[in-house]
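Heads up, the thing below is written out as structure tokens.
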Amino acid sequence: MTGWGADAVSVRFGSRLALDLVTVTAVPGQVTAVVGADGAGKTTLLRCLAGALAPSAGAVRRPPARRIGYLPSGTGVYVDLSVTENLTFRSVTYGIPASAARRHIGDYLERTGLDAAADRLAGQLSGGMLRKLGVVAAMLPEPKLLVLDEPTTGVDPVSRADLWWLIARAAAGGAAVLMSTTYTDEAARAARVLVLDSGRTLAEGTPAEIVAAIPGTIAVLPGPPATAEERRLAWRRAGAWRLWQPPPVSLPAAAPSAAALSAVSSPAAAPSAVSSPAAPLQAASSPADSASAPPSPAVSWPAAPSSAAPSAAVSSPAVSSPVGAGPPGRRSELVTPDLQDAVCVAALRRELDAAGPFGALGVGDA
């Protein structure tokens, strides 16, 4: 995939690793969203792409500085200049001809509703108007790479719609747009998504690819998680609890002992082996079938001693129980997952892989 971006970029601030081998590509004509919580490394990555920060390792692919539009995490404008003065100063800095600058400024101000505040100091604008002014200023030079650090955070729904019109217009004009956000519903609009967690890549791909990669199922619980396993695999969303149900873990069977094999080969042992509740396939066998043919070793291996620790795949309702299992009257409902669910599951898988019995068993690796 061609475009601007970062290849295996790492950034250190003293002893702290802010980015760890992160790769991202911003394709011309598309919007790429970087998603993550506060402290995930979004701003650090975008600063590297904009040329405001040199990475400690890795390579950055970006156009010349004059062909980069950048909205930092701050205002991105001068608060002691008016709206028009900010945009005029930006156009002069980038060497935009005066006639073209006036045309673009007038167009953007009218479309975003900033024309009524054209002579107002930027420091006197509302939060939404200030962010729109910052995005317009970043778009003025018609950049090849447009880098926007959380452009929609903290703004009202109407301003968010205006900002997305600007972002879509930049991409339609051929710019590669790389934006960060904490909103997964916004990220779902992007062509590609990079999810960061503590400076590392948690997931990457199109929104559909990330959702399709969820192993197992997602269910809505009828109430708070009832067990420790459910609490470990559940999260709260829109006033309800959602539970990730990983695919069951298949553990290798222990080799049968010599005594067990001897019991299998003995005709006298066959009836008791078939009638034993511990036989794995007891429900599928009948006494008549057992009398006519000796049972197979797979059917009649004795159960493990009661002192043995049970398998996590068997003992954990969150891992192997079907939807609706649990206390009487407690039923769950399967839901179709979206990008927010996929991000939550990706975070859970990382935690389980790092520590805990589920991680040790490889839950979620399917």
Check segment 149-157 and report whether any residue there is more than 20 Å from Tyr70 (Cα to Cα) and either open to solvent by 10 Å² or more (accessible area, probe 1.4 Å) or touching a residue at least 40 places away in the same chain (Cβ under 8 Å) (or both). yes
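Where residues in segment 191-208 are aliphatic (A, V, I, L, M) and under 16 Å from Ala168 (Cα atoms), which of them is most open to solvent (accessible area, probe 1.4 Å)? Spell out how you get there, then give the answer.
Quick first cut of segment 191-208, residues aliphatic (A, V, I, L, M) only: 191, 193-196, 202-203, 208.
Those left that are additionally under 16 Å from Ala168 (Cα atoms): 191, 193.
Numbers: Ala191: 40, Val193: 2 Å².
Per the stated criteria, the residue is Ala191.
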Taking into account only those residues within segment 191-236 that are charged (D, E, K, R) and in contact (Cβ under 8 Å) with a residue 24 or more places away in the chain, which is farthest from Glu351 (Cα to Cα)? Arg192
Within segment 74-111, considering residues that are buried (at least 20 other Cβ atoms within 10 Å of the Cβ) and free of Cβ contacts under 8 Å to residues at least 40 places away in the same chain, the one farthest from Arg131 (Cα to Cα): Ile105
So in segment 10-28, with the set limited to residues that are open to solvent by less than 20 Å² (accessible area, probe 1.4 Å) and under 19 Å from the mean Cα position of the chain (by Cα), which one is nearest to Leu202 (Cα to Cα)? Val22
For Arg160, which of the numbered conditions (1) open to solvent by 40 Å² or more (accessible area, probe 1.4 Å); (2) within 15 Å of Ser180 (Cα to Cα); (3) part of a loop (DSSP other than H, G, I, E, B) fails to hold? (3)
Residues being under 24 Å from the mean Cα position of the chain (by Cα) and open to solvent by 70 Å² or more (accessible area, probe 1.4 Å): count how many of those fall in segment 47-59. 1
Using beta carbons and a limit of 7 Å, which pairs, at least six apart or on different chains, have the first residue in segment 115-131 and of a type outside the set (Asp, Glu) and the second one outside any helix (DSSP H, G or I) and open to solvent by 90 Å² or more (accessible area, probe 1.4 Å)? Leu121/Asp80; Ala122/Tyr78; Gly123/Asp80
In this structure, does Arg62 turn out to be in contact with a Gly (Cβ under 8 Å, 6 or more places away or on another chain), crowded, with 16+ Cβ neighbours inside 10 Å and within 20 Å of Ile167 (Cα to Cα)? yes
Does Arg236 count as at pLDDT below 95, of a type in the set (D, E, K, R) and touching an Asp or Glu at 6+ places or on another chain (Cβ under 7 Å)? no
Test of understanding: among Ala175, Ala188, which residue is open to solvent by 40 Å² or more (accessible area, probe 1.4 Å) and aliphatic (A, V, I, L, M)? Ala188
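Return the total of residues in segment 112-131 being under 22 Å from Val92 (Cβ atoms) and open to solvent by 40 Å² or more (accessible area, probe 1.4 Å).
Applying the first criterion (under 22 Å from Val92 (Cβ atoms)) to segment 112-131 yields 112, 114-115, 117-123, 125, 130.
Now restrict to residues that are open to solvent by 40 Å² or more (accessible area, probe 1.4 Å): 115, 119-121, 123.
Matching residues across segment 112-131 total 5.
The values are calculated or read from the model by the stated rules, or taken from the named source; none is laboratory data. Fair warning: this is a prediction, and the values are worked out from it, not measured in the lab. Backbone-built Cβ (ideal geometry, glycine too); neighbour counts: all protein chains shown. Note: accessible area is taken over every heavy atom of the protein model, side chains too, but ligands, DNA and RNA are not part of it. Shrake-Rupley method; radii C 1.70, N 1.55, O 1.52, S 1.80 Å.
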